[in-house]
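K.L.:
Just dropping this structure here.
The values are calculated or read from the model by the stated rules, or taken from the named source; none is laboratory data. If you're wondering where the values come from, they're calculated on a predicted model, not measured in any experiment. Counting neighbours? That spans all protein chains shown, and the Cβs are built from the backbone with ideal geometry, glycine included. Heads up: the accessible areas ignore ligands, DNA and RNA and are worked out on the full protein's heavy atoms, side chains in. Shrake-Rupley method; radii C 1.70, N 1.55, O 1.52, S 1.80 Å.
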Amino acid sequence: MSKTATINVRVEPETKKQAEEVFDMLGIPMSTAIEVFLKQVALNKGIPFDITVPPSVNADLMTKEELLQRIDQSLEDYENNKCISFDDFYLSFKEKYNLGEL
């Protein structure tokens, strides 16, 4: 069967980069991975894996060790400039969800 359909998808650059790294390790191009996914959707008549909402972070339900681990990770992220200001987050959030002026 010849391939004649084109799909254009917009994704976040970091997500694309991370996925490409995995596909490179597997030795397959991204287009092949996407085709495999689409074939599995067709065969399964749905998404071929569970989609769930990750559990929220609730400090009241965490052990002391879990809480300290989260705090350490947050500090590490901050020190490695992996954090953004609340103002930047808020502007990005408003833009992403087309919220205009709030």
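K.L.:
Just tell me the longest site-free run in the chain, where the sites are trypsin sites (Lys or Arg not before Pro) in a DSSP loop having at most 11 other beta-carbon atoms within 10 Å.
P.N.:
46-81
K.L.:
Roughly to the nearest percent, how much of the accessible area of region 1-69 is carbon and sulfur, given a 1.4 Å probe?
P.N.:
Roughly 59 percent of what the probe reaches on region 1-69 is carbon or sulfur.
K.L.:
On to the next question. Helix 86-96: angle to the longest alpha-carbon principal axis of the chain, degrees 0 to 90, nearest 10?
P.N.:
Approximately 30 degrees, to the nearest ten.
K.L.:
Starting from the Kirkwood radius over alpha-carbon pairs of the chain, derive D by Stokes-Einstein at 4 °C in a medium of 1.567 mPa s and give it in µm² s⁻¹.
P.N.:
Stokes-Einstein gives a translational diffusion coefficient of 71 µm²/s.
K.L.:
Select from region 6-91 those chymotrypsin sites (Phe, Trp or Tyr not before Pro) which occupy a DSSP coil region and have at most 14 other Cβ atoms within 10 Å, ordered by residue number.
P.N.:
Filter output for region 6-91: Phe49.
K.L.:
With everything on Cα atoms, drop me the angle between helix 13-26 and the longest principal axis of the chain, reported from 0 to 90° to the nearest 10.
P.N.:
Value to nearest ten degrees: 60.
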